[in-house]
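All of the numbers you see were taken from the coordinates with simple rules; none came from a lab. Predicted, not measured: the structure shown is a model, and the values here were computed from it. Here Cβ is always computed from backbone atoms with ideal geometry, including for glycine, and neighbour counts include all displayed protein chains.
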């Protein structure tokens, strides 16, 4: 056990976490240069493209240190986005230490801080690492000072490296061996294993990633999940090399996988404790929470005959994404679809993109919503995350909406703009302090609904990309909610309805009308677009009738070209949803979700 | 076989709105190209199938570019070659496109003698400022002069091409051009709304916001003006962009809109043989080379299925105000639009966009300005 080190890497998006992991994998000789491709651990296309990690991955690195001994370094890679902070916390609690990776040209970001606090809560030993020292814009001394002063970490231990060129990466590996404590635990004690992730394999079912804290586990054991008492028979255990390598057993202190005939990933819960059925441990490991979806939206296939395909696709996606929830939904405008719950907006976008890309199903999303509380006259509580179920206002006694604590890290010069943004978004109890001269950490309590409406994009744009943002859920607070309906030629388009704060209704209504006017092509008749609360029209606009659309000259040589143009026009029409007699393009549904940049 | 099209891809210069394949040509156009056309005609003449029973040429159209850049002798050779090598119906329509400042009395007389009986003159506008903006190589007087020369040479069937919706053009300005055109009393008018096509000089100017086109309202006013004024002058609108005096419709173009068969001679010309469409190579050098080697200068082709061909006949036929003949569709495809299109057509009829008129299915008056919207449902 003394030769094992379990660690994770904490970093902000783009600070080079995946590159550093790649370099360590290469240095440990696990992959030849020929097999090497960037971001080995990010296996999804979307992850590579966006440079973010969505699913965590684990890898076990055999490392011969300078002291001549052979070590086993278990790198638990973590998702790098605020939507997935619970998953990050479970991954961190499987480790004894973490590398705090900071871009030497950018400095510490809000998300780094948030994850660092998570690591500290889990009593992890931290090794600060400055990356990208090869960049001309790198300012390692200032960033080192920042780490020492603001984060209170020991400046002596800061390692400077460039994951891109490989400079200093061997020092990182040495520091992991020398500064991180080996795991503790008793292989003879009753089994205590923490599930920190799970993935799906078409042949083997769920692959559970776990950390063994006490005891040992081997094939043939019968295990139970302590959160729900479900029991399974272990088929295989092993380590994560670049592929899975079966082992006879997993012992206390080790990180590895368990295959136990668990059908879907949703049957496992990150944070849950696994123990043996015939010799259970006394208590579950602390920190387990049910995953909570905070953003809800309905997904509809553009063409209604794709519904079955969408159902299959979501089912497949769900196998590997425990955080996604879905149930059938229907809309008079869009037909049959699914109401889905997501960890956050990024999670929603990832799911949408994977459905469109991997399963080739063009989708329409309805306006994302949070989960609201409605108190009715009979004092009952109704939880609603779908505008379609907005209760009759006359029965309503009170409404509540979820608030979050937003923490925003920005260079000082953007203070005014960010404060305005938070005020616009109904922020309250704002607070700030200076972690370093010139930088502000701004905190504010804000309704979650305001965050899911394009907050992050807006923040990025007003801070020219320098702002970083993290949040945690606080509580439910009284609110004044209304249902904003959108009518197209007098017909309510249920897919465009949204629940909004009364003070925002008119602004959102106008915005939706304007966006629809931009996106809906003119048709052969006039189209009225209205926003309404109940029977009151609060905003309206008109799309004038199309009066000219004709090809002037058309002669013999042109017939093929002319036909192709018409066919293109026809195909474009097919990609639209017809509501009443109006054709609405997919983009119109999306545009309503976005504020103006 | 009904039509024979001959393409001459040369122009004095490129007009700013033009997106057609053409090459600038200073001085006389290349003799080699004319020779290639003659060889191409002889190549096709050897194809027995083209001369089979019932396959006769009912119209010849020499288009461009600017065919009138060639002198009278060359053009007469071209026309004679067509007549000598194909089975031509007596009294067939033989048309040629021309530019006002490339016409001479002698040249036209020779053509007339060879059998040319319809002349189309690209006037576009009688407004000096607009002619300049369009990049035309002639002025107002030359345009009027050209028409007189054509009449003097004995042409009794003359078409004028005109354009509206031009940069900065007002309805009044357009009315003047229409009046001037009507005063010349041609037999036929082709009237096109300007559309700014990608790749043209106009598109470039438009991208740089240096092109001010009339507002949609004004264009509609110009279009309405066109119809009312020309009707008063005794023209009948028989196709979306074409107006003719009785019995003076362009037979060659009618064949296109009825999706008939035609043979294309020359670079970039297209042939359509009962649903088989063949396109000739575009580059004149390649064209000349291939023909010299005795090869048919084909670049690509497409064969349409019966149903695709049927749909094409519908969308082309609906450009004619008379519409498309149901009998004709039945004879050619054994299909009836009502059965084929079902609720789509039913809906268009219900909305008053398509009318069933005896044996004809046609676009209603309201549908003509937005024809593409309807055709896109039927394509």
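Annotations for the structure displayed:
- Here the ratio of the Cα radius of gyration of the range B:3-257 to 2.2 N^0.38 Å is 1.03.
- Volume of the Cα convex hull of the range A:506-597, divided per residue and given in Å³: 118
- Approximate spin-label separation residue A:14-residue B:327, in nm, with each point projected 7 Å along Cα-to-Cβ: 7.3
- At R0 = 51 Å, FRET efficiency that the Cβ-Cβ distance of residue A:204 and residue A:594 yields, to 0.05: 0.80
- Mean separation of Cα contacts under 8 Å, 6 or more apart, over the residue count of chain B: relative contact order %: 15
- Extension gain (nm, one decimal) between residue A:395 and residue A:228, 0.36 nm per residue minus Cα-Cα: 56.4 nm
- Over chain B, dividing the summed -39,500 (n - 2.57) contributions of all DSSP H runs of at least 4 residues by the number of residues returns a 222 nm mean residue ellipticity of -12000 deg cm²/dmol.
- Normalised contact order of chain A, rounded percent, pairs of Cα under 8 Å and 6 or more residues apart: 10
- Take each residue of peptide B:188-198, count the partner chain Cβ atoms within 10 Å of its Cβ, and average: the result is 2.
- Whether the range B:198-316 is rounded, prolate or oblate, judged on the alpha carbon gyration tensor where a/c under 1.5 counts as rounded: oblate
- Average partner coverage of B:367-379, which counts Cβ from other chains inside 10 Å: 6
- Each of A:517, A:568 has some number of other Cβ atoms within 10 Å of its Cβ, and from fewest to most they run A:568, A:517.
- Separation between Cα centres of the range A:245-269 and the range A:479-533, rounded to whole Å: 50
- Exercise: per-residue mean of other protein chain Cβ atoms within 10 Å, B:210-217: 1
- Cα long-axis angle, helix A:17-27 against chain A (0 to 90 degrees, to the nearest 10): 40
- Estimated FRET transfer efficiency when R0 is 41 angstrom, pair residue A:357-residue A:507 (beta carbons, to 0.05): 0.75
- The range A:269-335, Rg to Rh (Cα coordinates; Rh as Kirkwood inverse mean 1/r): 1.19
- Simple spin-label estimate for residue A:525 and residue A:312 gives 3.8 nm between the two label positions (7 Å along the Cα-to-Cβ direction from each Cα).
- Cα shape, the range A:345-443, gyration tensor, a/c 1.5 rule: oblate
- Label-to-label distance, nm, for residues given as residue A:548 and residue B:183 (7 Å Cα→Cβ offset): 2.6
- Treating each Cα of the protein assembly as shown as one equal point scatterer and applying the Debye formula with no solvent, the log10 of I(q)/I(0) at q = 0.07, 0.08, 0.09 Å⁻¹ comes out as -0.80, -0.92, -1.00.
- With the cut-off at under 16 Å, measuring from each backbone N in the range B:164-191 to a point 7 Å along the Cα-to-Cβ line of residue B:245 picks out B:180-190.
- Taking every alpha-carbon pair within the range B:150-207, the share separated by more than 12 Å comes to 73 percent.
- The listed peptides B:123-130, A:104-111, ordered by packing as a protection proxy, come out as A:104-111, B:123-130 (highest mean of other Cβ atoms within 10 Å first).
- Estimated D of the range B:272-319 in µm² per second, where Rh is the Kirkwood radius over Cα pairs and Stokes-Einstein applies at 10 °C, 1.306 mPa s: 128
- Note on A:303, A:8, B:95: ascending count of other Cβ atoms within 10 Å places them as A:303, B:95, A:8, the fewest first.
- Principal-axis tilt of helix A:169-179 within chain A, Cα atoms, nearest 10 degrees: 60
- Calculated FRET value between residue A:278 and residue A:412, using beta carbons and R₀ = 60 Å, to 0.05: 0.50
- Relative to the longest principal axis of the Cα atoms of chain A, the long axis of helix A:502-519 lies at roughly 70 degrees.
- Taking B:201, A:279, B:16 and counting other C-beta atoms within 10 Å, the order from fewest to most: A:279, B:201, B:16
- log₁₀ of I(q)/I(0) at q = 0.17, 0.18 Å⁻¹ - the range B:306-376, Debye sum with one point per alpha carbon: -0.54, -0.61
- For the range A:235-276, the share of alpha carbon pairs falling in successive 10 Å distance bins from zero is 24, 55, 21 percent.
- Length released on extending from residue A:461 to residue A:380, taking residue separation times 0.36 nm less the Cα-Cα span: 24.9 nm
- Calculated over the range B:45-86, the projected area of the Cα convex hull averaged across directions stands at 3.5 nm².
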